[in-house]
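Only one structure is covered here, and it is reproduced in the block below.
The values are calculated or read from the model by the stated rules, or taken from the named source; none is laboratory data. Remember, predicted model here, so these are calculated numbers, not experimental data. With ideal geometry, Cβ positions are generated from the backbone for all residues, glycine too; neighbour counts draw on all protein chains shown.
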Amino acid sequence: MPVRKVSNRGGNIIGRVPSIKMGRMVAFESLIERDLIHMLDFEQDVEWFTEQPLIIEYEHQGKTRKYTPDFHIVRHGQNILAECKPEAKVRSVENQRKFEAAQSWCNGQGWIFQVITDTQLRSGYRLQNIKLLTQFARYAVGPGIQARIRAFLSAAPLPVTVADVMVQVVSDKPQTAIIPIFYMAFHHELLLPLDDAPISVKTPVVLASTLRKR
């Protein structure tokens, strides 16, 4: 759990994101942190994360300083300490000093330290697409339509698009199939390419279990 509460004393934007993975509201102190929470909540290889996880003490100019990194992440069983920063501020003297302290602490613990920038998070379309899928992640989607989607994708020759699934599983009102398709994509039952283009009805879709069998 967080060791301190988020603050906007510096005029930064604060708020909370409802995390499905963590089952609680996760606080953020910047829009970069907010975007990272969306990514962490979706990415399947992220097992666990928390904000404002611990305090690192280090010496500077004869005084003990305190630094609280933004996130503790567990990915593939590896502990990661992550700091979110705008690309333009990464190389500042103060930030480099904090990062060196965090790196030293992580070296002693066998952890990894990462600086995550707005440029890294927002390149390509992945974040945009994850935010779209997140909007459908909490819908009540019945088992019947999910079963029809699985059955169609299991039998249909590739490639299959989102539009193909819509028409085949709900022929009279195909637009209503968007909700279960995106719901199942968020929960990793369906796989859509997220990096190269915005999700649309032309986006190809496959059953995740089909790929795992290959």
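Okay, here's what the table says:
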{"item": "Subset of the stretch 2-20 [of a type outside the set (G, A, S) and either buried (at least 16 other Cβ atoms within 10 Å of the Cβ) or farther than 22 Å from N129 by Cα (or both)]", "result": "P2, V3, R4, K5, V6, N8, R9, N12, I13, I14, V17"}
{"item": "Residues that are farther than 20 Å from V141 by Cβ and either under 17 Å from the mean Cα position of the chain (by Cα) or among the basic types (K, R) (or both), drawn from the stretch 159-193", "result": "P193"}
{"item": "Among the residues listed as N129, N107, the single one being within 16 Å of T203 (Cβ to Cβ), modelled with pLDDT of 95 or more and out of contact with any helix residue (DSSP H, G or I) (no Cβ under 8 Å at 6 or more places or on another chain)", "result": "N129"}
{"item": "Residue in the stretch 103-118 that is part of a loop (DSSP other than H, G, I, E, B), surrounded by 12 or more Cβ atoms within 10 Å (Cβ to Cβ) and not assigned by TED's automatic domain parsing to the domain that holds R75 present", "result": "no"}
{"item": "Residue in the stretch 86-93 that is free of Cβ contacts under 8 Å to residues at least 24 places away in the same chain and closer than 17 Å to I73 by Cα present", "result": "no"}
{"item": "Tally, over the stretch 160-182, of residues that are in a loop (DSSP other than H, G, I, E, B) and modelled with pLDDT of 95 or more", "result": "1"}
{"item": "Residues within the stretch 183-211 that are of a type outside the set (S, T, Y), part of a loop (DSSP other than H, G, I, E, B) and modelled with pLDDT of 95 or more, tallied", "result": "13"}
{"item": "Pairs where the first residue, in the stretch 26-45, is touching a residue at least 12 places away in the same chain (Cβ under 8 Å) and closer than 22 Å to G77 by Cα and the second is assigned to a strand (DSSP E or B) and of a type outside the set (A, V, I, L, M, F, W, C), C-beta under 7 Å, 6+ apart", "result": "V26/R16; V26/S19; V26/E51; I37/S19; D41/S19; D45/R75"}
{"item": "Every pair of residues 6+ apart whose Cβ atoms lie under 8 Å, when the first sits in the stretch 59-83 and is assigned by TED's automatic domain parsing to the domain that holds N107 while the second is basic (K, R) and crowded, with 17+ Cβ neighbours inside 10 Å", "result": "Y67/K98; E83/K98"}
{"item": "Residue within the stretch 163-178 that is within 25 Å of D41 (Cβ to Cβ) and either touching a Leu at 6+ places or on another chain (Cβ under 6 Å) or aromatic (F, W, Y) (or both) present", "result": "no"}
{"item": "Any hit, the stretch 169-179, residues being polar (S, T, N, Q), outside the structural domain of D45 (by TED's automatic domain parsing) and surrounded by 17 or more Cβ atoms within 10 Å (Cβ to Cβ)", "result": "no"}
